[in-house]
Each structure stands twice: as structure tokens, then as C-alpha cells.
Amino acid sequence: MFKPTRVLKSSQPILNSLPHAETVKMAYDLHLPKKTLHQNMNITSDEPIVFVHGIFGSKKSYATDSKLIANGTHSPVYTIDLRNHGETGHAQPFNYDTLVQDIKEFCSTHNLSNIKLVGYSLGAKVSMLAALRLPELVKSAVIIDNAPIKQPYIESYMKQYIKSMLHVDDAKISTTDKDWKRKASEAMKRYMPNATVRKNLLVNLVNKKPEGFESPAIDFENGNIQFLNPIKHMEEMAVKDVSDWPVESTEGLKFDGPVKFIRGLKSPFISPEGFKKINEHFPKNEFYDVNSAHDILDQRPSEYVKVICDFFNLQRYNSAPAHTVLGHKAPEMRV
């Protein structure tokens, strides 16, 4: 029987509960490479890259980086909105198994195979589980600063994020206010003094409803700016799920493909326990350490993009049949 999610208290009236959905149709952007391997030959890879964002991120969070990765790897890059993020529909549950099913459905819908995953933070855990659950679909992965373990200590951070976003909701900033983004950032400062975190949380804030977007959790008719996340539902639905990991159901699972882990040396996300579990689940792992906290994508953008491109390019050049010309196998080059 359907059980509605408990919601946070706010000065605005509570809206409808979220529906239950086994899978959702995920919104996405596709970034195609502008350059080719050969000046006179349109060679691309038939191993697409799927970029999975972090909590409260979206397909737009690192669009510029994704374009660079597309050009740097000569591969199509799909940036997706996970459920309850960006322009993808709102639904429960929000656990890792469900998010992986959404990715599986997305790949089936778009006829994607041999995918290369790039996952950051929340997206890193989703990508790791996808590799373990769907080895027939996943070719390889780059995992950015996370580990396949439970992390209850991050729940307090999650609650602070949600509080700061609800404070914007309570501020009732008009959609016609030309300074709405700055005012929203100011409203968040009470609970979130870190400007970089605020910038990333604000990527889901809009002053008009996206075309075709509907949600029982958002009132687009009240004249105020809105987050595209069901914020009032997120504490009950997401906080514990994001910090969790399906330990029992992944016991003994291994992914035999190559995986590059990018680790922030100032970040607590990959602990000794996490390092141990990485070696258990991903025996063909490589580590690249960055002098950064958890927000590697903001602190070291050029560096992490280069690591991704170098890693995927090495694999592609070692598997020449993956190269195609206009959808066909590349012809041999004559000297």
C-alpha cells in the first residue's frame, strides 16, 4: 500500500505527496564532439559516456566540462537529470537500486551499450552500483570521490543543504525580481555559508516552469522562484538513502572492467574502509589523487577533465573495433 513521504515544515502549505514509480523518464542533454580523430574522417566512439551528477545537481551543473570531455574523447556525452532533480520527474523511492534502474531504462530507451560512466559524489555511488549490477551494460567508469560504503556522517550536511534551500522557499522571492539569483544566494547564507556549495545548489532554481515539466510538489503559480527538487520531501526521502549503500545485496559482487577513482586528498569520502571495499568490488582500479576537498569539479576542473579524457582514450585506442565512421567500422588507413 502506498505510504506518503513525511515532509518538512514550511511557511507554505504542504503540496501533494510524491507518486511511487519503479522507473522515470530522465531528462538529458547530449554533447557531441566537434573535433574528430582524423581531419578528413568523422571518427567517433560507439562507447558513449554517461555523466551522473551529485546530490541537488543537474545535467546543467557541469555542461561545459562535459563538452570538453566529448571533444577530448571524441565520444558522445550524455548528461542526465536523476529523478527528483532538474527536469526529470519527481517520484519515490530515491534509493540507489532505484536510481540504477532508471539508468538501465535510460540506456535501453536510447539504445546505449558499452557505456562509460562518470559519476560524482551521489552520482559516483550510483555509477559504482550500476557497474556491479549491470556489467553487461557498463564498459568502464570514472568515480569521483566516493566509496561503496555507508556514510552516516554526511546526513548532517544533507540536512543543512535542505534547510538552506527551504529558507529560499520561505523568502518568497518574486519570479519578476531581476536580482532573484543573488537574493536567493543571500537567503541561503544562514545555513550554507560556503559560496561554492550555494552555487551548486542554486543550479536547480528557476524563475519559470520548464516546458512540459509537471510536479505535484511544486506550485509554479504562486509567483515565486522555485527549486526543481521536491525540497519539502527530501529529508525523509533522500537524507538516509544518499548516505546508505546496499551492503548485503552487493556482497561478493565484482566489476572486472577498468575503473579510475579520482580522490580528493582533503576529502573524507574515501576512508580506509572505503578503500578496502573499492579493492574488493573493483579489482582493476586505478587512483588519481587531487589536492582538493570533496568539490573537485569546482576546485580542479581542468585537472579532472584531463584525467577522464586520458583514461577513456587509452582504453579506446587499445580496442580499435570500438571506432566507427558514420556508424560503421573505420576503414584501414593506407600509408
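The values are calculated or read from the model by the stated rules, or taken from the named source; none is laboratory data. Keep in mind it's a predicted model, so treat the numbers as computed, not measured. Neighbour counts run over all protein chains shown; Cβ positions are idealised from the backbone, glycine included.
Exactly one residue among LYS67, LYS34, LYS59 is of a type in the set (Lys, Arg), surrounded by 24 or more Cβ atoms within 10 Å (Cβ to Cβ), in the same structural domain as PRO258 (by TED's automatic domain parsing) and free of Cβ contacts under 8 Å to residues at least 60 places away in the same chain, and that residue is LYS59. Looking at LYS163, is it outside the structural domain of GLN101 (by TED's automatic domain parsing), at pLDDT 95 or above and charged (D, E, K, R)? In short, yes. Restricting the range 37-56 to residues that are β-branched (Val, Ile, Thr) and modelled with pLDDT under 95, the residue that is surrounded by the most Cβ atoms within 10 Å (Cβ to Cβ) is THR44.
Of all residues in the range 71-106, those satisfying the criterion of being closer than 28 Å to ASP46 by Cβ and of a type in the set (A, V, I, L, M) are VAL77, ILE80, LEU82, LEU99, VAL100, ILE103. Quick check on the range 84-92. Is at least one of its residues of a type in the set (Val, Ile, Thr) and assigned to a loop (DSSP other than H, G, I, E, B)? For the range 84-92, residues of a type in the set (Val, Ile, Thr) and assigned to a loop (DSSP other than H, G, I, E, B): present.
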